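The next block holds one structure in the form of structure tokens; read it before the comments.
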Amino acid sequence: MTPVLSVPILAGWISGWVINYLADALPITRRLSRPTCRQCNQEYPIPAYLSFGRCPKCGHARGLRPWIVQAAMMILSLYTWFRPHAMGYALGMLLLTYFAVVIVIDLEHRLILHPTSMAGTLLGLGIGIYVNRIIPTLLGGLGGLAIMFVLYYLGVLFSKLRARRLKATGQEADDEEALGAGDVILACVLGFVLGWPLIWFGLLLGILLGGIIGVVLILALILSGRYGKNALMVFIPYGPFFILSAFFILFLPNWIVNVMPR
Ligand SMILES: [Zn+2]
């Protein structure tokens, strides 16, 4: 391994550790606590934790997620090392680490946590001002908020209509929301990073990606004969799709230049 490769490989590995740790600790205790076993709640010894070994107390395995995260971050780190982008390698890795924390926690807990939202807001402001200057950055954040508030209240309206329908048919109403407050803050963060006018395109692309996956899921349910009345509400966490869309725009710029109307 040449010395130059050891920097992105090491940085990718450390970023993976940070993501795995935050995704283990934050959803449970909301603070930077010692990671505990999901099965027996015992604190992990640090060497066993960092090597993704089984819980020494109960033998509970950590599963595939730690390894997927480590591999993904090393690949992303190598990619951004060799394909420079506007914000530079180090800031890019910070942003990718934040993206990954939000995605993993959202997929595992259907939650976007306030501590990650706050960290994202600061990081997004910093990157936006560094890359796009202050006015497009603030306008981007405002634009992201405005677009998402409209979608959020449409979602609330939809939930109310659905609860009324469930009540009319004698079913238990739930409080599932397609878009949560965390998604609204995430859109503001992405608005800071992408700036105005790119944010509207970023959110639109995210909604399209989420919609396409939703249709594919529903088709798969229909084809496998498991499509029931309630399956109409396949839960789609939009956060990961907004992030995926922002990733395409920020880190695959050659592709986007050809698509984005200016
Ligand atoms: Zn255990």
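General observations
- Filter result for Pro66 (touching a Phe, Trp or Tyr at 6+ places or on another chain (Cβ under 6 Å), within 16 Å of the ligand (Cβ to nearest atom) and open to solvent by less than 60 Å² (accessible area, probe 1.4 Å)): yes
- Qualifying residue in the range 123-145 (condition: loosely packed, with under 15 Cβ neighbours inside 10 Å, β-branched (Val, Ile, Thr) and under 19 Å from Gly88 (Cβ atoms)): yes
- Of everything in the range 13-39 that is open to solvent by 40 Å² or more (accessible area, probe 1.4 Å) and not in a helix (DSSP H, G or I), the residue that is nearest to the ligand (Cβ to nearest atom) is Gln39.
- Qualifying residue in the range 93-101 (condition: modelled with pLDDT of 90 or more, closer than 20 Å to Ile14 by Cβ and loosely packed, with under 14 Cβ neighbours inside 10 Å): no
- Qualifying positions in the range 40-52 - among the small types (Gly, Ala, Ser) and either in contact (Cβ under 8 Å) with a residue 60 or more places away in the chain or not in a loop (DSSP other than H, G, I, E, B) (or both): Ala48
- Members of the range 43-60 found to be within 15 Å of the ligand (Cβ to nearest atom) and open to solvent by less than 80 Å² (accessible area, probe 1.4 Å), listed by number: Tyr44, Pro45, Ala48, Tyr49, Phe52, Gly53, Cys55, Cys58, Gly59, His60
- Within the range 74-109, the set of residues being over 17 Å from Ser245 (Cα atoms) and within 14 Å of the chain's Cα centre (by Cα) comprises Leu94, Ile105, Glu108, His109.
- The range 193-245, subset part of a loop (DSSP other than H, G, I, E, B), open to solvent by 80 Å² or more (accessible area, probe 1.4 Å) and over 28 Å from Thr121 (Cα atoms), residue modelled with the highest pLDDT: Arg226
- Considering Ala11, Ala61, Ala23, the condition of being over 18 Å from Leu113 (Cβ atoms) and at pLDDT 95 or above is satisfied by Ala11 alone.
- Contact annotation: residue pairs with Cβ atoms under 9 Å, 6 or more positions apart or on different chains, pairing a residue in the range 53-66 that is under 12 Å from Pro35 (Cβ atoms) and of a type in the set (Lys, Arg) with a partner that is more than 13 Å from the ligand (Cβ to nearest atom) and not in a loop (DSSP other than H, G, I, E, B), are Arg62/Asn20.
- Any chance Gly88 is within 16 Å of the ligand (Cβ to nearest atom) and either free of Cβ contacts under 8 Å to residues at least 40 places away in the same chain or open to solvent by 50 Å² or more (accessible area, probe 1.4 Å) (or both): no
The values are calculated or read from the model by the stated rules, or taken from the named source; none is laboratory data. The structure presented is a predicted model; accordingly, all values stated were derived computationally and were not measured. Please note: Cβ atoms are built from the backbone with ideal geometry, for glycine as well, and neighbour counts cover all protein chains shown. Protein only, heavy atoms only, side chains kept; ligands, DNA and RNA dropped before computing areas. Shrake-Rupley method; radii C 1.70, N 1.55, O 1.52, S 1.80 Å.
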